[in-house]
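Working notes, structure below.
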């Protein structure tokens, strides 16, 4: 069960990555939209309803989820860079997955991912070392995250959900 839920392993924070590791995370953000498109290319409407394990999200829900999640991530980065320790707004992703917009075609979410990641990469590539030390506060976890850790999380998030889609396709 754990291998199905966490096919690339559970998230592990890397607190002080070297520049090569940091760049690999940026590269993951840059390549994610094209990898997502390849992962879902040619899937039928029935195949988009496949799940990677019992009681999990469908491929369709995963695609919509990453669009929602990464929009929030991009905004969190901008808030942290422009404000002093902003308190971000958490959201209930499992509840969002039940909303009517998760029933529409994945095309709109693919477009969102492409657009958000395009802008996110420009932001990331323009950030200084100091910018990566900027923080936001996540009230749900009562934790302060710096943007280095946030980037680490979203590198994992991209790879994690791509692996879920591949499992569901099998």
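Computed from the coordinates by the stated procedures, all read-outs in this text should not be read as laboratory data. Owing to the predicted nature of the structure, the values given are computational and were not obtained by experimental measurement. Note: ideal-geometry Cβ built from the backbone for every residue, glycine included; neighbour counts use all protein chains shown.
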If you average the alpha carbon positions of region 1-42 and of region 102-132, how far apart do those two centres end up, in angstrom? 14 Å
Any idea how far the Cα center of region 64-101 sits from the one of region 135-157, in Å? 11 Å
Output for region 1-78 (equivalent-ellipsoid semi-axes, sqrt of 5λ from the C-alpha gyration tensor, Å, descending) is 26, 17, 13
Using a 10 Å cut-off around each Cβ, can you sort 95, 144, 114 from fewest to most neighbouring Cβ atoms? 95, 144, 114
With a 10 Å Cβ neighbour count serving as the proxy for reagent exposure, in which order, fewest first, do 102, 52 appear? 102, 52
